[in-house]
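Working notes for the structure below.
The values are calculated or read from the model by the stated rules, or taken from the named source; none is laboratory data. Source: prediction; values computed, not measured. Note that we place each Cβ from the backbone using ideal geometry, even for glycine, and neighbour counts take in every protein chain shown.
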Amino acid sequence: MTTVRLGIIGMGNIGRHHADYLLAGKVNRAVLTAVADAVAPLDRYTGLERFKEGEELLRSGQVDAVLIATPHYQHTSLGIAALGQGLHVLVEKPISVHKADADRLIAAHAEHPDRVFAAMFQLRTEPRYLKIRRLLDAGELGEVTRVSWIITDWYRTEAYYASGGWRATWKGEGGGVLLNQCPHNLDILQWLCGMPARVRGFCQLGRFHDIEVEDNVTAYFEWSSGATGVFITSTGEAPGTNRFEIAGTRGRLVLENHRLLFTRNETPMTDFSRAATSGFAKPDVWHVEIPFDTVPAHHSTLTQNFVDAILDGTPLIVPGAEGSRSVELANAMLYSSLEEKTVHLPLDGAAYERRLGSLIEQSRHEKKVRAVAAEDLSRSFNR
Ligand SMILES: NC(=O)c1ccc[n+]([C@@H]2O[C@H](COP(=O)([O-])OP(=O)(O)OC[C@H]3O[C@@H](n4cnc5c(N)ncnc54)[C@H](O)[C@@H]3O)[C@@H](O)[C@H]2O)c1
């Protein structure tokens, strides 16, 4: 095989975006041959095979690989069906709504290990996060002691939530800001700092919007190293903050307002503390601004990586299985909040699935849907 025949299932906001760059030839050795959508019009895709149902596309024989861009629950069901058809799978974030589903998807891949299974977490290609990772890997911060991410600039209006019947419902989406906007942040958090051992979440449901799921969250994390963390997010705060801070024994990194600032201790805090004779002394510091390229992440970079993995065996930037970690973190925060207790990871996926099932069963929320103006998708990406 020298070219990958690609299909997209789900031609809503993000599916159309993927189609646009593929049709513009932005991904080498990939050709978009088929699209599917249950509702959205596909008239503009003349020349491509067009299907109503994703499953039809999977069975069509017109594709070698599929990009799944439907609402989240179908990432699991269509992903499993695609692997069963012998197709390579690139799935949008989150890879599943809950951990038990993510495990099912990963198990389906284990039955077809020669197929490529990747996840669309394009933030991993952003220079700012790559710089932080390099600093951490090089030990520049010493031992990480505290992490805090205030990411409250995910502001969304009522029109956003009304734009799709599946959005912000337990049954259709399975969660709110943690499942829709934050998977990228949670993926970066675990990619840089690893998975915490304990999580205590406080999630407010429908605090700022007429929705039944969480739109305002404050959570406490603790790692097995003893490092602590706070994760704060909201779709109901304007102007909102995006401040990511990592403190270690050798200094502190702050990423905010497109600047990455490193305050470096001349002497590691622990050594200084032991040696100092004054109770109020502090290590001297250097202030370092770390430059990074500000180009936003391109989805096409991950799609190119997916195609290169299929054709050449290139290592994946985001192996699909790694997508389960952000799902687990989101689930843990919700579960902790609903049960009003600290959750120890690994999360009991079956218990969380049951809890989500009862939320769906007990749901009495009347979802209002209305047409909204055509949106510029790039405005939805967090800066
Ligand atoms: N990686 C990113 O930056 C990014 C950005 C936006 C959205 N997303 C993810 O992409 C997914 C879709 O989001 P969206 O905003 O495009 O939603 P959307 O509602 O605009 O589009 C989803 C589309 O899927 C179609 N669909 C649902 N089930 C189908 C099926 N079985 N067969 C064929 N079509 C089906 C719907 O008709 C709809 O048109 C979500 O999971 C979201 O989290 C990722």
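Please find, among Asn185, Asn216, the residue that is closer than 20 Å to Pro94 by Cα, part of a strand (DSSP E or B) and either of a type in the set (Val, Ile, Thr) or modelled with pLDDT of 95 or more (or both).
Numbers: Asn185 fails: part of a strand (DSSP E or B).
Within the list Asn185, Asn216, the selection yields Asn216.
With the structure loaded, tell me whether Pro291 is of a type outside the set (Ser, Thr, Tyr), surrounded by fewer than 17 Cβ atoms within 10 Å (Cβ to Cβ) and free of Cβ contacts under 8 Å to residues at least 40 places away in the same chain or whether it fails that test. Give the steps one after another, and end with the answer.
Working: of a type outside the set (Ser, Thr, Tyr): yes; surrounded by fewer than 17 Cβ atoms within 10 Å (Cβ to Cβ): yes; free of Cβ contacts under 8 Å to residues at least 40 places away in the same chain: yes.
In short, yes.
Please find, among Arg146, Arg134, Arg59, the residue that is farther than 16 Å from Ala321 by Cα, free of Cβ contacts under 8 Å to residues at least 12 places away in the same chain and among the charged types (D, E, K, R).
Values: Arg146 fails: free of Cβ contacts under 8 Å to residues at least 12 places away in the same chain; Arg59 fails: free of Cβ contacts under 8 Å to residues at least 12 places away in the same chain.
Of the residues listed, the single one that is farther than 16 Å from Ala321 by Cα, free of Cβ contacts under 8 Å to residues at least 12 places away in the same chain and among the charged types (D, E, K, R) is Arg134.
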Looking across region 80-111 at residues that are closer than 18 Å to Asn180 by Cβ and not hydrophobic (A, V, I, L, M, F, W, C), the single one that is farthest from the ligand (Cβ to nearest atom) is Lys99
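Among the listed residues Leu22, Leu67, which satisfies the condition of being away from the ligand (no atom under 14 Å from the Cβ) and among the hydrophobic types (A, V, I, L, M, F, W, C)? Walk me through it before giving the result.
Values: Leu67 fails: away from the ligand (no atom under 14 Å from the Cβ).
Answer to the check: Leu22.
Being surrounded by fewer than 18 Cβ atoms within 10 Å (Cβ to Cβ), in contact with a strand residue (DSSP E or B) (Cβ under 8 Å, 6 or more places away or on another chain), without any contact (Cβ under 8 Å) to a residue 40 or more places away in the chain and in a strand (DSSP E or B) narrows it down to one of Val31, Val35, so name that one. Show your work before the answer.
Working: Val35 fails: surrounded by fewer than 18 Cβ atoms within 10 Å (Cβ to Cβ).
Exactly one residue qualifies, and that residue is Val31.
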A careful count of residues in region 4-16 that are buried (at least 18 other Cβ atoms within 10 Å of the Cβ), within 11 Å of the ligand (Cβ to nearest atom) and not in a loop (DSSP other than H, G, I, E, B) gives 6
Note on region 325-363: residues in contact with a Ser or Thr (Cβ under 7 Å, 6 or more places away or on another chain), in a helix (DSSP H, G or I) and of a type in the set (Ser, Thr, Tyr) are Ser336
Among (1) touching a residue at least 60 places away in the same chain (Cβ under 8 Å); (2) at positive phi, Trp191 falls short only on (2)
